[in-house]
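Computed from the coordinates by the stated procedures, all read-outs in this text should not be read as laboratory data. None of these values were measured; they are calculated from a predicted model. Quick reminder, even Gly has a Cβ in these numbers, built from the backbone with ideal geometry, and neighbours come from all protein chains shown.
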Amino acid sequence: MTEFKKVGMLALILVILVVAWTYYSSNQIKITTSNDVKNYILDSLSSSPDFANQNTYFQVYSITKLNNSNPNGQWTAQAKITLNPHSQCPTVFIRYYWLLPLHYDQKYVTGSCQTTNVVVFPEQAIVDSKQFPSVVPIANSDAYACGFMLPLTDSADISNYCPQVPIDQLTSFANSLPNQASWIVYWQEQNSTAFVAMDNSGNQILPK
């Protein structure tokens, strides 16, 4: 066999192996529903070395099925990645996903622990609420905090995100608020707790 034929044969074998591997890989991942997308992204985040040994909370939402001819994949989704989610200064990233194959763009949202004029995420509500009079005495490094957008979601979602919040008290507080309230933040530090509310600009809203 000539050297030219050897090179050609090796190139052909390489192409066959690449095609076979691509076919095998694509058939190992079965994504047919939005729930498949959610679980696939959550598994990817949970196993990522980027978040190893860190306190994290992941949420996947805005899942959309695309036209099959779209070059970026068959699905899009967004994931919110929160580091130290119940601290007084959580850090938040948003990832914009396309799949399959899985790829994403990432946007930094908050983590500077500075108050904002527009509250879009519960973590921003946590940071903004630190300045409220009833929170100041307990908003220290040992405090536990959770932010909730109004109206409240079902109790299973609440418990999954914030296991320590008393749901009956949270619901009662939510029902006592005027319509301009958009966020609730729950604070806990040892035996002290506080519920506070705010609008979308971070202004405190008191119960009716």
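Order the peptides 123-133, 105-115 from the highest to the lowest mean number of other Cβ atoms within 10 Å of their residues.
Working: 123-133: 21.8, 105-115: 12.6.
So the order, starting with the most tightly packed, is 123-133, 105-115.
Could you work out how far apart the two model spin labels at residue 141 and residue 115 are, taking each label as a point 7 Å from the Cα in the direction of the beta carbon, and quote it in nm?
Placing both labels 7 Å along Cα→Cβ, they lie 2.4 nm apart.
Ranking request for peptides 54-62, 41-49, 177-185, 75-83: highest mean number of other beta-carbon atoms within 10 Å first, then the rest in descending order.
Taking the mean over residues of other Cβ atoms within 10 Å, the ranking is 75-83, 177-185, 54-62, 41-49.
Once each part is reduced to its C-alpha centroid, what is the distance from segment 33-78 to segment 145-208 in angstrom?
A separation of 28 Å, based on Cα centres.
Each residue of segment 29-35 in order: what ³J(HN,Hα) in whole Hz does its phi give by Karplus 6.51 cos²θ - 1.76 cosθ + 1.60, θ = phi - 60°, with x for Gly and Pro?
Taking θ as phi minus 60°, the curve returns 9, 9, 10, 10, 10, 5, 5 Hz for segment 29-35.
Non-local amide H neighbours of residue 100 (under 5 Å, H modeled in plane, Pro and chain starts lacking H): which ones?
Distant-sequence amide H within range of residue 100: 74, 75.
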